[in-house]
């Protein structure tokens, strides 16, 4: 976890899976505690970000800046961490590609693709994630125009 400027604050998410940091480089960022890699885009301000904190449910981050502003950022959609993880896997399943540990892109084998689709179906339990999984894994000529239409 590294910013370009010094870090003013850091806080664990309620579930302990993420850390949000606030930096003098005018940004805040959410990081994965297991990998240390960023899992959000930079939350940009015009001045130093003095504080960043998770909401009690972990879905939002509030940031406060030396520019006299506070902002609320949605980090996880309703359904939380499960949907975020499922979306990452959906991207791999739909594109049949993944980013490897070295940051390169590689094609999934047919067997890996089949296993990934099975994992997505078996591990999406929230109603929102399940609906999105069903929509994404339905052939495009047989699904509604958006996942939000039934």
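None of the figures in this text is laboratory data; all of them are computed from the coordinates on show. Note that the structure is predicted; figures quoted are calculated from it, not measured. As a convention, Cβ positions derive from the backbone with ideal geometry for all residues, glycine included, and neighbour counts pool all protein chains shown.
Of 29, 71, how do they rank once you tally other Cβ atoms within 10 Å and put the fewest first?
The most exposed by this proxy come first: 71, 29.
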Pseudo-spin-label distance residue 134 to residue 46, built 7 Å along Cα→Cβ, given in nm, is 4.7
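Working from the pairwise distances between different alpha carbons, so that the mean of 1/r is found and then inverted, what is segment 7-74's Kirkwood radius in Å?
11.5
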Expressed in nanometres to one decimal, the distance between label points 7 Å along Cα→Cβ at residue 35 and residue 146 is 2.9
If 37, 24, 107 are placed from fewest to most neighbouring beta carbons inside 10 Å, the sequence is 37, 107, 24
Contour minus Cα-Cα span, residue 122 to residue 9, at 0.36 nm per residue, comes to 36.9 nm
Site residue 74, offset 7 angstrom along Cα→Cβ, radius 18 Å on amide nitrogen, limited to segment 27-46, gives 30, 40-44
